[in-house]
Amino acid sequence: MTGTTDDAGVFLLGLGAQKAGTSWLHAQLNRRRDADFGFLKEYHIHDALTLPTAGFSGRRGRSLLKPRTWRRQRFLERPERYYAYFTSLLKHPGIRLTGDITPSYSGLSSNTLQAIQRGFAAQDIPVRPVFLMRDPIERIISSLRMHRRKQGLRDSAGEIQALHQLCHERPERINLRSDYGHTLTALQNSFGLKHCFIGTYEQLFHQDCWAELCRFLGVRYQEPKWEQRVNASRTDTDLPEELLKLLGQWQGPTLAAVQFHCPELDLNQLWPTASRWCSAR
C-alpha cells in the first residue's frame, strides 16, 4: 500500500467491512484537529445509487426537515454536490483529511469505484481507499448480536436459532457485507491493491498498524484512544459445532479469496475461527 502527502489533503473512502472497526476508526480520525468528516460517518450515497439491495436508496420514512436527511438527499439528486462538499471541507484552514466511511460500500463495483476516483480527481483531491476485514465467521456473529441487542434480545437460544436461519437463507444483505473477495477484486481493478490500505480488525488496535494507516493517509501520527470500543457486541453464548460448521461452509469462499489476494496475511493466526471451521468436514 502506498500513500503520498498532498497539499490539498486527501479523501478517505472507507469500504467496511461492517463490524470490522469502522466506527472506532471514524471516532479516532474525526477527533483530530486536521480532519473533518462532515455531518455523517456513513453517507450511503454510492450504495444508494448503484446497489438497490443495500436498502439505502430511499428516504426510509425520515423527515426531510432533518438537516442530515435533506443534505444527503441533495447529494443523491445531484452527485456532483457530494464531491464539492468534501472538497469544501478540505479548504478549511488546517484540514488535511476528510472522508466517507460506509461499510456497505464493500459491495460497490470497480466501475463505481473508478467513478468516485474520477469525481475527486476533477477536484484535484486524491482518494485513499481503506478496507478493514474481520474473521468472516466472527463478523457475522458480531453483526447478528448487534442487531439483536438493539431489539433488546440477548438470549442464547434465540441467537443460535437466528444464526441457523442465516446459514440456510444466506440473505443478500449479509452476503453484500461479507464478500471480501468481491471488494478486493473491485479495488484491484480500480485503484490497485498496492494503492489501498487493506487491514484487519484483529490488527487495527496495535500501534504499528495505526502508524502505517497514518502514513498511508498522509497525516501525522496521533495516539488513538485504544480503550474505546464502539458498537461492541458481547455475549456468553457457546455455539454448537454443527452451527460453526455451517458458518464455515458459508464463509469458505471468502476465506479462500482473502488468502488469494492477501497472501502476506497469516490468517491461521489472525482468523483462527474461520481457519478452523471453513476447512471442517
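Quick notes
- The residues in the stretch 1-24 that are at pLDDT 95 or above and either among the β-branched types (Val, Ile, Thr) or part of a strand (DSSP E or B) (or both) can be counted, and the count is 6.
- Residues in the stretch 116-140 that are out of contact with any helix residue (DSSP H, G or I) (no Cβ under 8 Å at 6 or more places or on another chain) and touching a residue at least 40 places away in the same chain (Cβ under 8 Å): 124 alone.
- Subset of the stretch 262-281 that is buried (at least 17 other Cβ atoms within 10 Å of the Cβ) and not in a loop (DSSP other than H, G, I, E, B) - its residue that is farthest from the chain's Cα centre (by Cα): 277
- Single residue of 56, 86 found to be modelled with pLDDT of 95 or more and either touching a Leu at 6+ places or on another chain (Cβ under 9 Å) or of a type in the set (A, V, I, L, M, F, W, C) (or both): 86
- Of the residues making up the stretch 204-247, those that are at pLDDT below 95 and of a type in the set (Gly, Ala, Ser) are 232, 233.
- Options 106, 110; residue that is among the hydroxyl-bearing types (Ser, Thr, Tyr), out of contact with any Phe, Trp or Tyr (no Cβ under 6 Å at 6 or more places or on another chain) and either within 14 Å of residue 17 (Cβ to Cβ) or exposed (fewer than 14 other Cβ atoms within 10 Å of the Cβ) (or both): 106
- Filtered residues of the stretch 81-110 (kept if touching a residue at least 60 places away in the same chain (Cβ under 8 Å), part of a helix (DSSP H, G or I) and over 15 Å from the mean Cα position of the chain (by Cα)): 86, 90, 110
The values are calculated or read from the model by the stated rules, or taken from the named source; none is laboratory data. These numbers come from a predicted model, not from an experiment. In this analysis, Cβ positions are derived from the backbone assuming ideal geometry, glycine residues included, and neighbour counts consider all displayed protein chains.
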